[in-house]
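Inspection log for the structure reproduced underneath, given as C-alpha cells.
The values are calculated or read from the model by the stated rules, or taken from the named source; none is laboratory data. All of these numbers come straight from a predicted model, not from anything done at the bench. Using ideal geometry, Cβ is built from the backbone for each residue, glycine included, and neighbour counts are taken over all protein chains shown. In case anyone asks, the SASA skips ligands and DNA or RNA and just uses the protein heavy atoms, side chains included. Shrake-Rupley method; radii C 1.70, N 1.55, O 1.52, S 1.80 Å.
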Amino acid sequence: MPDPAAPDRAPARPARTRAAAVAAAVLTVGAGLGLRAVAAGDMAKYGGDALYTVLLLTLVVAAAPRLSPARAAAIALATSWAVEFLQIGPVPAALSRHSTLARLVLGSTFNAPDLAWYAVGAAAGSMVHSALLRRPRAAPAAWRAGNS
C-alpha cells in the first residue's frame, strides 16, 4: 500500500484536483501573456518555453487527476519535446504561417535550448504540484464540531 504521506500520492478528490488544474491552466496562460507584455528577448522566449510545459502539465492533471506529479511532469515534458522535434520538419512552420493558434501550439523552428527550458518548466510544475499534495487537508466540519 502506498505511503499516504508520500509527496507524489494520487489526490483523494479528483474533481477538486481537476478544477484546480483548470484554474492553474488559466493562470499559466495569463502568466505567459503577462511575461510577453513586460519582457523581451531571451527572458520572454525561454520563460515562455517553461510556461508552455507548465501549461501542458496542468492540462495533463486536468485530464488525469490521479497521476503523480512526477508522471504528469514526464508526460508534459515528453509532449513538449515531441513538439519541439516536430519543428525540425517543414509542417509546423507551414502551419504557423497560416494560423496564430498553430504558431502558439506548434511553434515554427527547432531551437535546441528550448529542450532545457521545457525541463525547467516540468520540474517547477512538478514541485508545485507535489507541494500542493503535501499540504495538510482541513478536517471535515463534522469532526471539527464534535472535537472542539
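Looking only at residues that are under 9 Å from the mean Cα position of the chain (by Cα) and open to solvent by 20 Å² or more (accessible area, probe 1.4 Å) in region 45-59, which one is nearest to residue 130 (Cα to Cα)?
54
Here is a yes/no grid of residues against (1) at pLDDT below 90; (2) out of contact with any helix residue (DSSP H, G or I) (no Cβ under 9 Å at 6 or more places or on another chain); (3) open to solvent by 20 Å² or more (accessible area, probe 1.4 Å):
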residue: 61; (1), (2), (3): no, no, no
residue: 75; (1), (2), (3): no, no, yes
residue: 79; (1), (2), (3): no, no, yes
residue: 105; (1), (2), (3): yes, no, yes
residue: 137; (1), (2), (3): yes, yes, yes
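Quick check, is residue 57 closer than 14 Å to residue 125 by Cβ, in contact (Cβ under 8 Å) with a residue 12 or more places away in the chain and in a loop (DSSP other than H, G, I, E, B)?
No.
Kindly list, by first and then second residue, each pair from a residue in region 17-46 that is in contact (Cβ under 8 Å) with a residue 12 or more places away in the chain to a residue that is open to solvent by 30 Å² or more (accessible area, probe 1.4 Å) and of a type in the set (Lys, Arg), limited to pairs with Cβ atoms under 9 Å and residues at least 6 apart or on different chains.
Between residues of region 17-46 that are in contact (Cβ under 8 Å) with a residue 12 or more places away in the chain and residues that are open to solvent by 30 Å² or more (accessible area, probe 1.4 Å) and of a type in the set (Lys, Arg), the close pairs are 17/66.
Looking at region 109-134 only, could you name the residues that are under 30 Å from residue 94 (Cβ atoms), assigned to a helix (DSSP H, G or I) and not acidic (Asp, Glu)?
112, 113, 115, 116, 117, 118, 119, 120, 121, 122
I'm checking my understanding of the structure. Among residues of region 10-39 that are of a type in the set (Lys, Arg) and in a helix (DSSP H, G or I), which one is surrounded by the fewest Cβ atoms within 10 Å (Cβ to Cβ)?
16
Would you please list the contacts, defined by Cβ atoms under 6 Å and residues six or more apart or on different chains, that run from a residue in region 89-100 that is touching a residue at least 12 places away in the same chain (Cβ under 8 Å) to a residue that is part of a helix (DSSP H, G or I) and open to solvent by less than 30 Å² (accessible area, probe 1.4 Å)?
96/102
Checking residue 7 against (1) modelled with pLDDT of 95 or more; (2) open to solvent by 30 Å² or more (accessible area, probe 1.4 Å); (3) not β-branched (Val, Ile, Thr), which single condition isn't satisfied?
Condition (1) is where residue 7 drops out.
Does residue 42 count as farther than 21 Å from residue 23 by Cβ, buried (at least 18 other Cβ atoms within 10 Å of the Cβ) and among the acidic types (Asp, Glu)?
Working: farther than 21 Å from residue 23 by Cβ: yes; buried (at least 18 other Cβ atoms within 10 Å of the Cβ): no; among the acidic types (Asp, Glu): yes.
No; evaluated as a whole, the condition is false for this residue.
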